[in-house]
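Since the structure comes first, as structure tokens, the remarks are kept for the end.
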Amino acid sequence: MIISVIDSGFNKKHYNCINKLIIHGEHYSEDLHGTACIKTIDKNMINGTIISISAYNTLKIIDDVTISTAIKKAIEIKSNIITISMGCFSFSENLVDTIISCEQKDIIVLAAQDHLNRVVYPACLKNVYAVDSYKGNRIIYDKSFYVPRITTFLSENENHIQSFSGSSIACAYMAANISNLLVKFQPEKARKFIENYYGVEKEETNV
């Protein structure tokens, strides 16, 4: 199973993956957000490959163009799941068309909701599974995923540990959770299976 993580890149100095990791773009990103998301997946994924794809442009900005480009790269490398924990406020038909292409190829796209409840892309697009965290103990699916609050820690240096939580980490965790299910059940249609699985079991699905 291949999970592509579209985020701020990865920093090899702060975490070593258990699962196979392939890095496209930033290897030593000072922004540890992407590293935290990858650690979350790696710690919860039973077996698979993680692809780190940096969505930053040369100005360290993420927008609809860089996200679209990153998603296209994830499609090219045959990703089964794409997780996007850093959204943008810009919109384009190209982004919509790229997401539609994922749906046609039965690729599951997860995107984190904004923590201030603002409209962000691609989380608000209908072909994307939006993910948010909440104070509960079960994963709930109601067109979007609601995941119990999870915290991931990274050591920046000997004197400082940085914590990451909220919808970004929930989105990463959900990618690992779905990957494990797809490996276990090997469904013919991944998106349909996931919707049926969580739709039926949402009252009984524990983290």
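The values are calculated or read from the model by the stated rules, or taken from the named source; none is laboratory data. Quick caveat: nothing in here was measured; it's all calculated off a predicted structure. All Cβ positions, glycine included, derive from the backbone under ideal geometry; neighbour counts span all protein chains shown.
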Test result for ASN80, modelled with pLDDT of 95 or more, over 23 Å from MET174 (Cβ atoms) and in contact with a helix residue (DSSP H, G or I) (Cβ under 8 Å, 6 or more places away or on another chain): no
Test: residue in the stretch 102-125 that is without any contact (Cβ under 8 Å) to a residue 12 or more places away in the chain and under 18 Å from ASP7 (Cα atoms): yes
Every pair of residues 6+ apart whose Cβ atoms lie under 8 Å, when the first sits in the stretch 172-198 and is touching a residue at least 60 places away in the same chain (Cβ under 8 Å) while the second is part of a helix (DSSP H, G or I) and polar (S, T, N, Q): ALA172/THR40; TYR173/THR40; TYR173/ASN44; ALA176/THR40; ALA176/ASN44; ASN177/ASN44; ASN180/ASN44
Flag for PHE164 being aromatic (Phe, Trp, Tyr), closer than 28 Å to HIS14 by Cβ and in contact with a Cys (Cβ under 9 Å, 6 or more places away or on another chain): yes
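Residue-wise test of (1) free of Cβ contacts under 8 Å to residues at least 24 places away in the same chain; (2) buried (at least 20 other Cβ atoms within 10 Å of the Cβ).
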site: ILE53; (1), (2): no, yes
site: ASN57; (1), (2): yes, no
site: GLU93; (1), (2): yes, no
site: ILE100; (1), (2): no, no
site: ASN127; (1), (2): no, no
Filter pass, ARG118 being loosely packed, with under 12 Cβ neighbours inside 10 Å and closer than 25 Å to PHE89 by Cα: yes
Residue satisfying all of: in the stretch 1-37; farther than 19 Å from THR69 by Cβ and touching a Ser or Thr at 6+ places or on another chain (Cβ under 6 Å); surrounded by the most Cβ atoms within 10 Å (Cβ to Cβ) among these: ALA36
